[in-house]
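Reviewing the structure listed below.
The values are calculated or read from the model by the stated rules, or taken from the named source; none is laboratory data. The structure displayed is predicted, hence computed values, not measured ones. We place every Cβ from the backbone using ideal geometry, glycine too, and count neighbours over all the protein chains shown.
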2 protein chains.
Amino acid sequence: MKRKALVVLSGGQDSTTCLFWATDKFGRENVCAIGFDYGQRHKKELECAAAICADEGIQYEVIPTPIINALSANALTREDIPVDKEKPEGTPPNTLVEGRNLLFLSYAAIYAKTHGITDLVTGVCETDFSGYPDCRDVFIKSLNVTLNLAMDYNFVIHTPLMWLNKSETWELADKLGVLETIYRRTLTCYNGIIGEGCGSCPACFLRKRGYDEYMERKNNV
Amino acid sequence: MKRKALVVLSGGQDSTTCLFWATDKFGRENVCAIGFDYGQRHKKELECAAAICADEGIQYEVIPTPIINALSANALTREDIPVDKEKPEGTPPNTLVEGRNLLFLSYAAIYAKTHGITDLVTGVCETDFSGYPDCRDVFIKSLNVTLNLAMDYNFVIHTPLMWLNKSETWELADKLGVLETIYRRTLTCYNGIIGEGCGSCPACFLRKRGYDEYMERKNNV
C-alpha cells in the first residue's frame, strides 16, 4: 500500500523542514499539508506556508480554529498581552497556547482519516523544550495511542525533529537541499519578520544561534 | 482541597443524568457545565441543557465549534444526509461524528484548566456501544493520560454511565431524585422532540426500551 502523509504546517522553520522531510520520504505526490488559523499574531506565517506549497505543487488547506483563542488567553494570540522576554524559572513561557498541539494533531487526524491518510508529520521537538508540555515525546506517543483508539484507525505520527537541536534542524534542511528556502522563506520571528527575523525576540535568538552553530560546524569539517 | 467538576452537557438523557450525578458528588456550588454548538441537527438540546442549568443555578457555557462539521461529514450535522434506520453489520452508524468525544473532552480540559477545575464528567457509555470507538472505556483512559501529559495537569475524567445499560441509567436518575426531570426535559430524539420523543428513531427506541425495562423492574420489586 502506498502511504500518504499529512504535514501540520505553520510556515515556520520547523514545520517547513518537516514538509521537505515528508516529500523526501513519501514522495511529493503523496504529501499534503494542513495549517490552522487560530488568531496567531502573524498570519503571514500561513502565507509563507501557502507560497512554498504552491511552488512545490502540494495541496495546503488552512482551517479556521477561533476556538483555540476562545478557550485560553496567551501572548501568541492576544495582542494586548506582550511576549515575555524573560520568564520565571520553571514556568512555561506566556506564549503557551494551552493544548495547542493536542488540538492541531487531533484535527489533522480527523482530516487525515476522512482523506484516507494514515501518516501525520509534525515539527514538535523536545530538545528545544522550553516549558511546552505538549512538545514532549511522551505526549506524542500517548496521543498516537489515543487517536488510534478514538477513531479505530492506525495513525502513525512522525516527529523528525523530536531529538534534534536547532543546529541539527538546519543540518537536516541542508541535507534535504532546502537550506536557502528555509532560511529565506519561513517565519519564526515573534515580530513577524520573514527570513532573518527581527533578531531580538526569543524565537529569532534560538533560530540564529542554531544557524550559526551549524555553519561553524559545516565550515570546520 | 475542594474539588470542582466540569460536566460535558449536551441536554440529552445521559449527560443530564451525569449533571445531577456531579451535583450529588461534588456539591452544586462546585459544578459547572459546558456544551458545544457543532451544527448538530437539533440545537434545542442545548436549550434543554441551558434551561435545566438555569433552574439549578449552574453556570453553563456553550462553545461554538463549527470546525467539527468542517472536518468530517455525517448525518448528525448535515441535513442532506438522512439518519440510517438500519446499518450494515460491523459498521458504525452514519450518525458518527469522527473524533467528537476526543474534541469535546479536549476542549473541556483546556477550559477546565483555565478555570482551575480538575474533574471532568462525561456521559459516554460503552454498554450501549454501537460502533462509536470514542465511547469505549479504553479510549477514555488513554485520553485521560494524554490530556494530563498535554497540559501537565492532573485531570480526572469521570464516566458514571460507562458500564450501565439504558435501564440502569434511568435507575440512577431515579435514585438521584430526577427521573421526572430527565424524562420530561431532555432531548435524545433524532427528530428533535423533547421528552418522550418521536418514538420511532433509533435513539427513541433505546431510550424507551430502557425506561420500560426499568419501570418493570421497579414495579416488580
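Within the range A:168-221, how many residues turn out to be surrounded by 14 or more Cβ atoms within 10 Å (Cβ to Cβ) and of a type in the set (Lys, Arg)?
Residues flagged as surrounded by 14 or more Cβ atoms within 10 Å (Cβ to Cβ) and of a type in the set (Lys, Arg) within the range A:168-221 amount to 3.
What's the total number of residues in the range A:100-132 that are surrounded by fewer than 19 Cβ atoms within 10 Å (Cβ to Cβ), within 7 Å of chain B (Cβ to nearest Cβ) and not β-branched (Val, Ile, Thr)?
0
Against the condition assigned to a loop (DSSP other than H, G, I, E, B) and on the phi < 0 side of the Ramachandran plot, how does B:VAL124 come out, does it pass?
yes
Which of the residues spanning the range B:171-214 are modelled with pLDDT under 95, of a type in the set (A, V, I, L, M, F, W, C) and part of a helix (DSSP H, G or I)?
Matches in the range B:171-214: B:ALA203, B:CYS204, B:PHE205, B:LEU206.
So which helices (runs of 4 or more DSSP H) are wholly in the range B:23-119 and hold at least 1 residues that are modelled with pLDDT of 95 or more?
Passing ranges, in order: B:44-56, B:100-114.
Which residues, taken from the range A:138-164, are more than 18 Å from B:PHE139 (Cα to Cα) and either at the interface with chain B (Cβ under 7 Å from one of its Cβ atoms) or in a loop (DSSP other than H, G, I, E, B) (or both)?
Those that are more than 18 Å from B:PHE139 (Cα to Cα) and either at the interface with chain B (Cβ under 7 Å from one of its Cβ atoms) or in a loop (DSSP other than H, G, I, E, B) (or both): A:THR159, A:PRO160, A:LEU161, A:MET162, A:TRP163, A:LEU164.
Residues that are of a type in the set (D, E, K, R), crowded, with 23+ Cβ neighbours inside 10 Å, out of contact with any His (no Cβ under 7 Å at 6 or more places or on another chain) and closer than 23 Å to A:ARG100 by Cα: does the range A:28-49 have at least one? Before you say what the answer is, go through the steps one by one.
Here is the first cut: in the range A:28-49, the ones of a type in the set (D, E, K, R) are A:28-29, A:37, A:41, A:43-45, A:47.
Subsequent filtering for residues that are crowded, with 23+ Cβ neighbours inside 10 Å retains A:45.
From what's left, out of contact with any His (no Cβ under 7 Å at 6 or more places or on another chain): A:45.
Those left that are additionally closer than 23 Å to A:ARG100 by Cα: A:45.
Yes, the conditions are met somewhere in the range A:28-49.
Can you pull out the residues in the range A:1-18 that are over 19 Å from A:CYS189 (Cα atoms) and not charged (D, E, K, R)?
Selection gives A:MET1, A:ALA5, A:LEU6, A:VAL7.
Restricting attention to the range B:138-167, which residues are out of contact with any helix residue (DSSP H, G or I) (no Cβ under 7 Å at 6 or more places or on another chain) and surrounded by fewer than 16 Cβ atoms within 10 Å (Cβ to Cβ)?
Within the range B:138-167, B:LYS141, B:VAL156, B:TRP163 meet the criteria.
Quick grid of which residues meet (1) farther than 15 Å from A:ASP14 by Cβ; (2) free of Cβ contacts under 8 Å to residues at least 12 places away in the same chain:
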{"site": "A:LEU179", "(1), (2)": "no, yes"}
{"site": "A:TYR183", "(1), (2)": "no, no"}
{"site": "A:LEU187", "(1), (2)": "no, no"}
{"site": "A:GLY199", "(1), (2)": "yes, yes"}
{"site": "A:LEU206", "(1), (2)": "no, no"}
{"site": "A:GLU216", "(1), (2)": "yes, yes"}
